[in-house]
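> Below is the structure I would like to discuss, written out as structure tokens.
The values are calculated or read from the model by the stated rules, or taken from the named source; none is laboratory data. Note that the structure is a prediction, hence the values are computed from the model and not measured. Because the Cβ atoms are built from the backbone with ideal geometry, glycine has one as well, and the counts that use them run over all protein chains shown.
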Amino acid sequence: MLSKNCIWCITAQQLHQKARKQIGLRAFLLIVLCCVSCGCSQLQTSQNLLQTVQSLSGDVAWQEISVAKTPLPVRALIKTTSSANDLLRIYIEGDGRAWINRFTPATDPTPRDPLALRLALQDPASSVAYLARPCQFIPKSERDVCLPVHWTKDRFSAEIIKTMDTAVSQLKKRSGASRMTLIGYSGGGAVATLIAARRNDVDLLVTVAGVLDHASWTELKQVSPLSGSLNPVDELGRLVGLRQVHFVGGKDNIVPPEIARSYVDQAVSSQVQMILLPDQGHHCCWEKVWLELLENSL
């Protein structure tokens, strides 16, 4: 039986014959493959972001901030261990639970197992922040302005990017930093790239299993285009001179390495680097190597 808490899994009840027929054989096999590759983590997140941090690490130094003046609700955390913080690292979460099955969007995009948060909790830097995607970790009573379109076809829209960019500015102000590193996981990699293209205070852009060209990605996976979204690869002209490091997994069946390779090849810059880790999947097992990657690659 598959675990009910895997970020890419569906429940055992959904895997009976009727559900399998409904979502189609290809989608069914993809879900099973994703569950195998990520190990079906046992974590169940809470709508309370600080409670989720406690369940993951027990670290009480993190503080939740209220992101103001955005059209969609956003949750953010920050941790500072020094009064002199010139550099802030901001981790941006992945797409979370965008779909229940092939035809039905989720009503709550909160990730079952927030990998970007797990990576942020490991970061030993003196100033680290975490930024959930709009409407993630938001109680149902506060999601009245949230619509499935915000985490499906419009997940990288101009409205979403403006919302996230506003949150980044507030985190930077709260930290007192003058420079930033943006680190995005999966769809959060697309968001980080699109934000970096609109700012001049980002020194380094890092993605982990990032969706750097969603048009190529949706075509490759034969799923519906993200028709309301901006595409990171189209922003390369605005990213000239910015150092970029894109980590990809050789066993990633969700965002295969060729997506990042196409992006890097079009960048035509020694400042843009792709690092392939042969044994990594899409979700598993970035946590195990993250400290080493921070130390040796960034």
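> Are any of the residues in segment 150-159 more than 20 Å from Thr218 (Cβ to Cβ), in a loop (DSSP other than H, G, I, E, B) and of a type in the set (Asp, Glu)?
Checked segment 150-159: no residue is more than 20 Å from Thr218 (Cβ to Cβ), in a loop (DSSP other than H, G, I, E, B) and of a type in the set (Asp, Glu).
> Test of understanding: among Arg174, Arg198, Arg179, Arg155, which residue is of a type in the set (Lys, Arg), in the same structural domain as Pro124 (by TED's automatic domain parsing) and touching a Gly at 6+ places or on another chain (Cβ under 8 Å)?
Answer to the selection: Arg155.
> So Ala158 clears everything in (1) over 23 Å from Thr80 (Cβ atoms); (2) under 12 Å from the mean Cα position of the chain (by Cα) except one condition, right? Which one?
The one condition Ala158 does not meet is (2).
> Kindly list the number of the only condition in (1) part of a loop (DSSP other than H, G, I, E, B); (2) farther than 26 Å from Glu159 by Cα; (3) touching a His at 6+ places or on another chain (Cβ under 8 Å) that fails for Ile275.
Among (1) part of a loop (DSSP other than H, G, I, E, B); (2) farther than 26 Å from Glu159 by Cα; (3) touching a His at 6+ places or on another chain (Cβ under 8 Å), Ile275 violates only (1).
> Being loosely packed, with under 15 Cβ neighbours inside 10 Å, at negative phi and not acidic (Asp, Glu) is the filter here; which residues of segment 232-250 pass it?
Correct list: Gly237, Arg238, Val240, Gly250.
> Restricting attention to segment 198-252, which residues are more than 21 Å from Lys153 (Cβ to Cβ) and in contact with a Pro (Cβ under 6 Å, 6 or more places away or on another chain)?
Val248, Gly250, listed by residue number.
> Among the candidates Leu205, Leu212, Leu226, Leu182, which residue alone is modelled with pLDDT of 95 or more and more than 27 Å from Lys79 (Cα to Cα)?
Leu212
> Can you confirm whether segment 192-208 contains a residue that is of a type outside the set (Phe, Trp, Tyr), touching a residue at least 24 places away in the same chain (Cβ under 8 Å) and more than 18 Å from Arg243 (Cβ to Cβ)?
No; the residues of segment 192-208 include none that is of a type outside the set (Phe, Trp, Tyr), touching a residue at least 24 places away in the same chain (Cβ under 8 Å) and more than 18 Å from Arg243 (Cβ to Cβ).
> In addition: Have a look at Ser229, Ser269 and point out the one that is hydroxyl-bearing (Ser, Thr, Tyr) and surrounded by 19 or more Cβ atoms within 10 Å (Cβ to Cβ).
After applying the criteria, what remains is Ser229.
> Could you figure out which of (1) within 19 Å of Asn231 (Cβ to Cβ); (2) assigned to a helix (DSSP H, G or I); (3) over 16 Å from the mean Cα position of the chain (by Cα) isn't true of Arg199?
(2)
> Would you check if there is a residue in segment 185-194 being surrounded by fewer than 19 Cβ atoms within 10 Å (Cβ to Cβ), aliphatic (A, V, I, L, M), assigned by TED's automatic domain parsing to the domain that holds Ser157 and out of contact with any strand residue (DSSP E or B) (no Cβ under 7 Å at 6 or more places or on another chain)?
Checking segment 185-194: not a single residue is surrounded by fewer than 19 Cβ atoms within 10 Å (Cβ to Cβ), aliphatic (A, V, I, L, M), assigned by TED's automatic domain parsing to the domain that holds Ser157 and out of contact with any strand residue (DSSP E or B) (no Cβ under 7 Å at 6 or more places or on another chain).
> Still on this structure, please answer the following. Which members of segment 164-190 meet the condition of being outside any strand (DSSP E or B), of a type outside the set (A, V, I, L, M) and under 15 Å from the mean Cα position of the chain (by Cα)?
Correct list: Asp165, Ser186, Gly187, Gly188, Gly189.
> Look at Ala125 and say whether it is among the small types (Gly, Ala, Ser) and part of a loop (DSSP other than H, G, I, E, B).
yes
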